[in-house]
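So the structure is just underneath, and the comments pick up after that.
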Amino acid sequence: MLANSLRTGPDERGRFGLYGGRFVAETLMPCILELEAAYEEAKRDPAFQAEFDSFLADYVGRPSPLYFAERLTAELGGAKIYLKRDELNHTGAHKINNCIGQILLARRMGKKRIIAETGAGQHGVATATVCARFGLDCVIYMGERDIERQQPNVFRMRLLGAEVRPVRSGSRTLKDAMNEALRDWVTNVETTFYLIGSVAGPHPYPAMVRDFQSVIGREAKAQMLEKEGRLPDVLVAAVGGGSNAMGLFHPFLDDGSVRLIAVEAAGEGLDTGLHAAAMLRGRPGILHGSRSYLLQDEDGQVIEPHSISAGLDYPGIGPEHSWLKDIGRLEVTAATDREALDAFRLLARLEGILPALEPAHALAATAKLAPGLSKDTLLVVNLCGRGDKDIYTVARHLGVEL
Amino acid sequence: MTTRIEQRFAALRAEGRAGLVTFLVAGDPDIPTFERLLDGLPAAGADLIEIGMPFSDPMADGPVIQAGNLRALAHGVTLARTLEIVRRFRGRDQTTPLVLMGYYNPIWAYGRLRFLDEAVSAGVDGLIVVDLPPEEDEELCLPALERGLDFVRLATPTTDARRLPTVLRNVRGFLYYVSLTGITGVKEAAAEQVAPQLDRIRKHTDLPIAVGFGIKTPEQAAAIARIADAAVVGSALVAEVAAHLDSEGKPRGGLVAAVHDKVRALAHAVREARR
Ligand SMILES: Cc1ncc(COP(=O)(O)O)c(C=O)c1O
């Protein structure tokens, strides 16, 4: 291991510098320590890794292609743009990578009941999917507002046998779903495995989810070396909690020549107060078990975020992102609702791919960035989800009734 | 030097009875009504007062206390205002121990050392911060102890023998035993399940043990008072506040008296429990 590697975190307390940690109620502590021990053991067990790899290959459909977006590249007239096509995974997003890892761990720990939070519903669908596959009970917490805007995914979860529990507290979105999932976990801690969907939550979740998602970056690295004979120059990914971004970025952290760009949801605009830009407009704070950048007021009350994309509508961000931002390794930018919608349509027309509204933010940032880069710049966008789930939202914004 | 909390538990022990700990959310339903509630608690029989510091995302609380937090926030109750409320109360009452309970982020946002210094000067006696387990003691617990503030920790049914010493390590004031796995105000405590747990914990510590989460009625409080050093009642009192609000959330006449009556009934049961 490199002495000066950026890839060794977190420390034994689950810290990435100031960030991370285990800020949870005592009821959960024994369970979190048990999870950490179980994960450390599984990580070292070749049989666990082999089973994980085999499910990724035959059930998820990995590796996902690294696709040269020729017409998008020509249209933007700058960097050579590749799309990492995690939207082709089973269930249509990167979320399933992590779900396979955690469900195998849950089974190993003998847990019979799985709970999860979901925003866009992608993580909920992925969780319901693996629960069906492994025959485990599944309860999904989802904000009432997200239930309204992600109807197709709610129905999919129910078809897969999950119970979807609407959350009516707070802003009725992802943050509140996570509060409710934590309340369930505290109540049913002995029987229940909490399958967190992003690189957030108390240690060991940020590191564990990152490890399961890092398959994205490892594949992208190998694929780019094969196609272009060298590393990419720029990686771009949208951040909600930060899992698709960390999955792509982590294998490249020590490759200093590779720029890492995280795209936050600017909602109606970064200065309107209606956004979800935790790193650009938040301050370090403690929510859902870890310290990280957080949208909060002067008094430390969490501010309700806003984004057209349910998957990015979260007031925090994973702790490793916060640390990488502070040390200058991660660049952070943002795209508005409108820019994301424009990028959604751009990709549909030029490449025949409907992106989810989450990666549409990464595409929007790319559309601003790429024209200013030279034609030999290799840029990878994490196309972490497909847009079928979002067609109702997009239609509404275009004034079309379905 | 013994703290106000230690003195109160010593006095309770001398009287041969358990104490009643009451919980209300600071500034719920509004600041003036809350201050009237607070002022009457000692006379109504509260031996120790816990005040919740409002937070937007109270993850360990059930719907009743969540709603209390939101009502207080809607009335502009900040951490600074909570400290002012305590300061005014201390001007009028120098003996009733007062503990602030809440979540870490408002304290962190305020500046943790600044908060501790101001809490001491306002007359706070102890802190309970739900999302600070012993693993994070450097954040707040150790600097609080240095300043003479007691730090009360929660032990739960999941705190096993191996972990108990860690949980007890830096506790001062009293230990708060959470009688069930879960959030506040949903399930009900069963004294017969709590008793063996308290016996187990007492093998490791001489600290007074208060038991809470799920105590709603005088009967339940009495059952706990027979086995613990104090019974904590929260959701039942916050529910009483909520029951006396009109459709616009304004307090109806009788709110303060109703809450105090409830405290009186609980206190009576706790005081009679071991007779
Ligand atoms: C397709 C897609 N991308 C991104 C996200 C945001 O999560 P993260 O930042 O953890 O990748 C979600 C969340 O639901 C999603 O469904």
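The values are calculated or read from the model by the stated rules, or taken from the named source; none is laboratory data. Keep in mind it's a predicted model, so treat the numbers as computed, not measured. No Cβ is skipped: glycine too gets one built from the backbone with ideal geometry, and neighbour counts run over all protein chains shown. Calculation scope for accessible area: heavy atoms of the full protein, side chains included, ligands and nucleic acids excluded. Shrake-Rupley method; radii C 1.70, N 1.55, O 1.52, S 1.80 Å.
Descriptive notes on the structure:
- In the protein assembly as shown, the portion of solvent-accessible area held by carbon and sulfur atoms comes to 51 percent [1.4 Å probe, whole percent, DNA, RNA and ligands not counted].
- Across peptide B:52-65, the mean count of Cβ atoms from other chains lying within 10 Å of each residue's own Cβ comes to 5.
- Shape of chain A, Cα gyration tensor, a/c cut at 1.5: rounded
- Buried on assembly, the range A:11-34 (at least 10 Å² less accessible surface than by itself, 1.4 Å probe): A:13, A:15, A:18, A:22, A:23, A:24, A:25, A:26, A:27, A:29, A:30, A:33
- Over 18 Å between alpha carbons, listed pairs B:187/B:250; A:80/A:227; A:95/A:389; B:216/B:250: B:187/B:250; B:216/B:250
- Cys with no candidate disulfide partner in the protein assembly as shown (beta-carbon separation under 4.7 Å rule): A:31, A:99, A:384, B:141
- Difference of contour (0.36 nm per residue) and Cα-Cα distance, residue B:219 to residue B:36: 63.2 nm
- Cβ-defined net charge surrounding residue B:80, 11 Å radius [Lys, Arg +1; Asp, Glu -1]: -1
- Of the residues B:137, B:28, B:61, the one that moves most in a GNM of chain B with alpha-carbon contacts below 10 Å is B:137.
- Averaged over peptide A:170-180, the number of partner chain Cβ atoms lying within 10 Å of each residue's Cβ comes to 2.
- Probe 1.4 Å, accessible area per residue of the range B:4-272, Å²: 34 Å²
- Protein-protein interface of the range B:120-162, residues with accessible area decrease of at least 20 Å², isolated chain reference, 1.4 Å probe: B:130, B:131, B:133, B:135, B:136, B:138, B:139, B:154, B:156, B:158
- DSSP bridge orientation in the range B:4-272 - percent antiparallel, rounded to nearest 5: 5 percent
- Heavy atoms of the protein chains alone define the surface here; on that basis chain A has 34 Å² accessible area per residue at 1.4 Å probe size.
- The protein assembly as shown: projected area of the alpha-carbon convex hull, averaged over directions, in nm²: 29.8 nm²
- Taking all Cα pairs closer than 8 Å and separated by 6 or more residues, the relative contact order of chain B comes to 24 percent.
- Label-point gap, in nm, between residue B:74 and residue A:338 - each point 7 angstrom along Cα→Cβ: 3.4 nm
- For the range A:182-204, residues shielded by at least 50 square angstrom of accessible area compared with the chain on its own, probe 1.4 Å: A:183, A:187
- Per-residue mean of C-beta atoms belonging to partner chains within 10 Å, peptide A:298-308: 5
- Computed E for residue A:132/residue B:94 - FRET, C-beta separation, R0 60 angstrom, nearest 0.05: 0.45
- Taking 7 Å steps out from each Cα toward its Cβ at residue B:170 and residue B:138 produces label points 1.0 nm apart.
- Other-chain or far-sequence residues with amide H under 5 Å of residue B:151's (modelled H): B:127, B:172
- Per-pair calculated FRET efficiency, R0 = 56 Å: residue A:151 and residue B:261 via Cβ, rounded to 0.05: 0.70
- Helical content alone sets the calculated 222 nm signal of chain A at -12000 deg cm²/dmol, taking -39,500 (n - 2.57) per DSSP H segment of four or more residues and averaging over every residue.
- Packing around the peptides B:79-92, B:117-130, taken as the average count of other Cβ atoms within 10 Å per residue, puts them in this order, highest first: B:117-130, B:79-92.
- 10 Å binning of all Cα-Cα separations within the range A:75-116, expressed as whole percents from 0 upward: 23, 32, 24, 12, 8, 2
- For the range A:54-192: rounded, prolate or oblate by the Cα gyration tensor [a/c cutoff 1.5]: oblate
- Highest average packing first - A:394-401, B:251-258, Cβ atoms within 10 Å: B:251-258, A:394-401
- The B-A contact accounts for roughly 2900 square angstrom of buried accessible surface, both chains included, probe 1.4 angstrom.
- Backbone N within the range B:75-96 under 19 Å of label point (7 Å from residue B:114 Cα along the Cβ vector): B:77-87
- A simple spin-label model places the labels of residue A:271 and residue A:395 3.7 nm from each other, with each point 7 Å out along Cα-to-Cβ.
- Calculated over chain B, the projected area of the Cα convex hull averaged across directions stands at 13.0 nm².
- GNM flexibility winner over chain B from B:231, B:43, B:155 (Cα, springs under 10 Å): B:43
- In the range A:158-293, the C-alpha radius of gyration followed by the widest Cα-Cα span (Dmax) gives 17.6, 53 angstrom.
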